[in-house]
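Asker: Structure below; questions to follow.
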Amino acid sequence: MRRTSRSAPILTLALSTVALVAAGCSGHGSSGGSAALPAPAAAPAAPAAVMTASGVRLPAGVTLQMVALGDSLFNSGGCQRCHGQKGVGAKNAPALVDGTWQHSKGSYEEIITTVTNGVAKEEFKDTTRPFAMRARGGPMNLTDDQVKAVAAYVYSISRGRK
Ligand code: HEC
């Protein structure tokens, strides 16, 4: 009897200490902590726009992977044959890097439309160009996803170097 009545308060104290420590930990890590601290300013409400190495903010939904795919399609495929390597312009087609646009305002969607439809000779601003720009890169026969990738690349180079 005596032994149990003696040891009982000690056990109770030990248990309540554990409970306090546990309560302190959980309070810090969950609702107690976040209520006391201001909402973290760095946490973005919407996903941040992806930026290219040259500092171009890409349109929503456009990834660096798309730009990279577009780069290889543009510079290995038919686009560069007329527009020059990296779109700097050539005899057959205008530069795409200087931020000036002749067939639209140069939005991502508009570039997609231009590449999807091509540019007929009757639409040329410079009538000395010898060849029409064919739909979907002509022989490249770009899929919708490839058109988007190429448009993402053109978008990025047109904003990256002014
Ligand atoms: C046969 C040559 C040729 C090829 C190949 C070609 N283009 Fe073009 N592109 C042109 C010509 C010509 C124009 C319009 C020039 C004019 O209006 O004077 C043009 C216009 C454009 C424009 C509109 C530019 C503006 O100022 O609005 C974009 C964008 C474009 N091309 C992207 C591409 C892409 C991407 C590819 C590859 C999928 C491609 N082109 C392949 C000849 C070509």
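What follows draws every value from the coordinates through simple rules; no lab data is involved. Please read these numbers as outputs of a predicted model, since none were measured by experiment. All Cβ positions, glycine included, derive from the backbone under ideal geometry; neighbour counts span all protein chains shown.
Asker: At what distance in angstrom do the alpha carbon centres of region 47-77 and region 79-151 lie from each other?
Answerer: 17
Asker: While we're on this one: Straight-line reach from LYS125: which aspartates and glutamates have Cα under 18 Å away, leaving out those fewer than 8 places along the same chain?
Answerer: ASP98, GLU110
Asker: Continuing with the same structure: Ratio of region 64-160's C-alpha Rg to 2.2 N^0.38 Å, to two decimals? Don't jump to the answer; show the numbers that get you there.
Answerer: On the way: Rg = 11.9 Å, N = 97, 2.2 N^0.38 = 12.5 Å.
Output field value: 0.95.
Asker: Right, another one. Lys and Arg at +1, Asp and Glu at -1: add these up for the other residues within a Cβ distance under 12 Å of LEU58 and post the number.
Answerer: Combined, the nearby Lys, Arg, Asp and Glu give +3.
Asker: Could you list VAL88, VAL115, VAL50 so that the one with the fewest beta carbons within 10 Å of its beta carbon is first and the one with the most is last?
Answerer: VAL88, VAL50, VAL115
Asker: Another question, if that's okay. Net charge within 9 Å of THR116 by Cβ-Cβ distance, Lys/Arg positive one each and Asp/Glu negative one each, not counting THR116 itself?
Answerer: Once positives and negatives cancel, what remains is 0.
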